[in-house]
Structures are given as C-alpha cells and as structure tokens.
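In what follows, a single structure is set out as structure tokens and then discussed.
The values are calculated or read from the model by the stated rules, or taken from the named source; none is laboratory data. These numbers come from a predicted model, not from an experiment. Ideal geometry is used to build each Cβ from the backbone, glycine not excepted, and the neighbour counts take in all protein chains shown. Only protein heavy atoms, including side chains, enter the accessible area calculation; ligands, DNA and RNA are left aside. Shrake-Rupley method; radii C 1.70, N 1.55, O 1.52, S 1.80 Å.
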Amino acid sequence: MQVLAIDPGSTQSGYVVYDTATSDVLESGVAENNDLVDRLHAMNQSVGIMLVMEKPTASGAAMMAQAQLGDVEKLIRTGQREAAFIALAKARGSVASAYKSSGDLIDTAFWFGTFAQAAGYTPETVASVTRNDVKRVLRVGPGTGTVDARVWQAIVQGYGEGADRKGGRLHGVKSHARQALAAAIAWVQINRWN
C-alpha cells in the first residue's frame with residue numbers, strides 16, 4: 001500500500017509518497033497547497049492510497065484557537081466551504097490579533113481540512129497523527145535542538161547510518177517533507193499496516 005503523507009502548512013506543505021511494504025520513500029518534496037489539492041482530487045479515484053497528515057497543534061496561548069479550528073475543519077470535511085470561510089475569518093480575526101502565530105495555525109488547519117476533503121474524506125482514505133504520536137513511535141525524547149531535528153535524527157537512525165546521504169534511501173527528503181515522512185512512519189507503526 002502507498003501512503004501520501006502531508007505536513008500541512010499555511011501556504012506550502014511537505015509531502016512524501018511512502019511504500020508501507022518496503023518502507024521506501026517513492027517521492028518527496030514541498031509543494032504549493034493548491035497544487036496538492038489538485039493532486040488529491042486526481043488521486044481520489046486511486047485504490048490503495050491513504051492520505052496521512054500530522055494534525056496542526058498549538059502551544060501555549062494559541063491553544064485557545066483549537067476549538068474554533070475544529071469547527072472549521074468539520075465544516076470543510078462536510079463540504080460546507082462557505083460556512084468554513086466565515087468561521088475561519090471569525091477565528092482568525094479574534095485570535096490572530098492577540099497571538100501572532102495563531103494566523104498561521106488557523107490557515108494550516110484550514111488546509112488540513114481542505115486536503116481531507118480533496119482526498120474524498122472517509123476513515124478508510126484519510127487519517128491523521130499527532131506530534132505526540134510521532135514522538136512516541138520514533139522514541140523522541142527531550143534533548144537539544146528542535147523537535148523536528150530530533151525527529152529526523154530518529155528516522156535516519158531507524159534506516160541506518162548514511163541513509164540520508166547521496167545514494168541512501170532517504171537522500172533528497174528535505175525540509176517539511178521530513179515531517180510528512182515522520183507522520184507516515186508513525187501512522188504505519190500505530191496501525192501495523194506492514
């Protein structure tokens with residue numbers, strides 16, 4: 001089975017196509033969100049492809065936006081795009097003025113829902129994992145450096161020394177595609193889909 005994993009962003013998102021049988025990365029990159037939506041619409045008819053995304057999360061004061069984001073995501077998944085845009089504008093306006101990072105978080109949540117809808121959302125075709133799922137599955141604990149860097153280090157260690165170098169199985173996986181790969185690996189391990 002192939003998994004298209006996306007690390008959603010506010011304007012661009014990282015993605016990987018991951019083979020669950022071989023643990024190979026078949027394709028990776030960072031793309032404009034609208035381009036990924038077009039790809040998901042085309043994929044919607046494919047059999048055996050699962051969309052996996054890491055849920056956008058907030059930290060600190062931005063957690064206040066989570067309830068509003070959940071409403072926006074539900075509206076998008078059910079095809080109520082006009083209502084979602086209105087809810088998104090309200091959430092963005094009320095929270096972003098107080099918390100600078102909330103605007104990006106809200107936009108990311110919007111794209112999360114848009115990707116799910118474009119993939120023909122059903123529990124059999126779209127799944128999500130949390131950052132905590134990723135850290136637990138990859139056994140990433142506290143340490144120095146960013147969480148993203150520690151997650152990538154854990155992935156490389158799992159594939160073996162040199163996997164991220166030229167000729168290695170992870171060569172070319174860059175930027176936000178690394179976090180998409182982490183989501184794919186976490187989802188596979190959680191669901192034991194090998």
Requested in this report: Tell me, yes or no, whether the stretch 144-151 has at least one residue that is over 21 Å from Met53 (Cβ atoms), surrounded by fewer than 16 Cβ atoms within 10 Å (Cβ to Cβ) and hydroxyl-bearing (Ser, Thr, Tyr).
Outcome: yes
Query raised in the report: Is at least one residue of the stretch 80-88 modelled with pLDDT of 70 or more, in contact with a Pro (Cβ under 7 Å, 6 or more places away or on another chain) and farther than 29 Å from Arg192 by Cα?
Result: no
Query raised in the report: With respect to Thr57, is the statement that it is modelled with pLDDT of 80 or more and open to solvent by 70 Å² or more (accessible area, probe 1.4 Å) true?
Result: no
Query - Glu73 being in a helix (DSSP H, G or I), at pLDDT 70 or above, among the charged types (D, E, K, R) and over 17 Å from the mean Cα position of the chain (by Cα) - result: no
Query raised in the report: For the stretch 24-39, what are the residues that are of a type in the set (Gly, Ala, Ser) and over 18 Å from Arg169 (Cα atoms)?
Result: Ala31
Requested in this report: Starting from residues that are over 19 Å from Ala5 (Cα atoms) and surrounded by fewer than 15 Cβ atoms within 10 Å (Cβ to Cβ), keep the ones in the stretch 152-186 and report whichever is nearest to the chain's Cα centre (by Cα).
Outcome: Gln157
Requested in this report: State the number of residues belonging to the stretch 153-186 that are assigned to a helix (DSSP H, G or I) and touching an Asp or Glu at 6+ places or on another chain (Cβ under 8 Å).
Outcome: 8
Requested in this report: Please go through the stretch 20-45 and pick out each residue that is within 23 Å of Gly79 (Cβ to Cβ), charged (D, E, K, R) and either in contact (Cβ under 8 Å) with a residue 60 or more places away in the chain or part of a helix (DSSP H, G or I) (or both).
Outcome: Asp35, Asp38, Arg39
